[in-house]
């Protein structure tokens with residue numbers, strides 16, 4: 001880490017955001033590539049039931065991923081603001097505090113997760129022919145949850161310090177290893193969905209270890225805290241500060257997953273073909289959403305550093321540049337996916353009954369990508385508010401958006417059937433864009449700034 005990672009300086013903010021988000025975008029591409037590889041291997045070498053089993057488990061799986069992301073967001077904001085303020089001693093201690101706290105929470109959640117997966121699968125009406133496969137996948141994943149959490153946490157630390165490249169390199173390693181293990185465990189050993197889950201956990205564990213070793217060397221420039229012993233590495237006050245920020249962020253992200261579970265309950269009533277089609281279409285939608293997600297995360301890190309440095313005007317300019325960058329990427333990628341949608345969906349499934357799955361999935365993909373630009377704008381505003389520390393409002397906006405989505409789906413279910421599941425997505429996205437834009441314009445978020453070394457006066461900023 002050095003001066004080049006300091007995003008509080010420089011005239012070309014859009015260029016800064018672009019080059020900061022680019023490694024994250026490439027990383028997300030690799031992330032999706034190995035998620036897609038899992039799905040393609042299962043769908044083509046195991047079958048439609050296995051693909052549906054992975055799909056049925058996905059909302060529950062992503063509920064825990066949401067918790068990991070929420071915890072990472074809380075830690076990243078505190079670390080980023082200390083770094084932006086130039087307080088290297090507290091910054092270093094906040095990093096070790098964050099990683100210790102994250103590891104303990106993840107271990108506890110993993111133990112709980114193993115016992116609640118099967119009841120949740122029953123609760124959402126998972127078909128009998130896929131419930132055992134879905135449960136096996138989830139239980140294996142829960143067994144390695146701590147490594148999944150730490151994987152997200154370490155990436156958040158790198159981003160908070162302004163260095164988004166190392167997570168990309170580690171993700172490339174993780175992706176290659178995951179695909180190789182998928183092929184070995186699923187095709188050679190015939191382990192089915194269990195093989196996919198084991199491959200994911202093993203690859204993330206290796207990536208996690210490498211990431212920590214590199215980070216330990218990279219933070220050498222940060223001064224050691226004055227305390228000795230355990231107090232040098234862990235501070236309960238910092239942990240609680242991160243926890244308070246993580247709670248709304250975790251609830252916010254978990255609400256998305258909870259609504260996903262509720263929507264999955266609706267989809268499960270339509271049978272295996274619709275579950276498989278929804279799974280494939282979601283994977284394609286995730287590809288389209290990657291630029292918006294990467295720009296949003298970049299905005300959070302950019303905002304945290306500049307708020308820590310007291311440069312609110314620079315944050316305002318960053319929001320404009322972030323929106324422009326998001327629109328350019330989202331519209332371009334959506335156009336390509338719209339044209340190639342049916343072809344991409346066809347990669348996920350083959351064999352008897354596959355054409356019905358491809359047809360259902362293709363219609364869904366083309367509708368969703370038409371409105372991806374709304375998700376891009378939402379991500380810029382919501383992640384900027386997160387970077388400030390306005391986690392509670394982002395949580396409320398997201399939960400309200402998910403309620404809007406679910407209610408819209410229920411209202412439209414009778415006239416539109418299965419299509420109501422994806423018709424509701426842009427309605428919720430538009431609601432969140434308007435709500436987060438309103439919050440940003442009111443300036444009430446200034447009261448939520450985490451690191452307050454001085455009162456901010458925008459008229460005095462250079």
Checklist entry - Out of 254, 249, 211, which single residue is closer than 20 Å to residue 103 by Cα and more than 17 Å from the chain's Cα centre (by Cα)? => result 211
Checklist entry - Hey, any hits in the range 383-402 for a residue that's over 17 Å from the mean Cα position of the chain (by Cα), in contact (Cβ under 8 Å) with a residue 60 or more places away in the chain and more than 30 Å from residue 313 (Cα to Cα)? => result no
Checklist entry - Does any residue of the range 65-76 turn out to be surrounded by fewer than 24 Cβ atoms within 10 Å (Cβ to Cβ), in contact (Cβ under 8 Å) with a residue 12 or more places away in the chain and not in a helix (DSSP H, G or I)? => result no
Checklist entry - Regarding residue 331, is this residue under 21 Å from the mean Cα position of the chain (by Cα), more than 21 Å from residue 23 (Cβ to Cβ) and surrounded by fewer than 22 Cβ atoms within 10 Å (Cβ to Cβ)? => result yes
Next on the checklist: Condition first: in contact with a helix residue (DSSP H, G or I) (Cβ under 7 Å, 6 or more places away or on another chain), farther than 18 Å from residue 386 by Cβ and not in a helix (DSSP H, G or I). Now tell me which residues in the range 280-339 satisfy that.
Outcome noted: none
Item to check | Sole exception among (1) buried (at least 24 other Cβ atoms within 10 Å of the Cβ); (2) within 16 Å of residue 357 (Cβ to Cβ); (3) modelled with pLDDT of 80 or more for residue 49, by number | outcome: (1)
Checklist entry - Here are 293, 240: which of them is within 13 Å of the chain's Cα centre (by Cα) and at pLDDT 85 or above? => result 293
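The values are calculated or read from the model by the stated rules, or taken from the named source; none is laboratory data. The shown structure was predicted, so the numbers you read here are calculated from the model rather than taken from an experiment. Neighbour counts run over all protein chains shown; Cβ positions are idealised from the backbone, glycine included.
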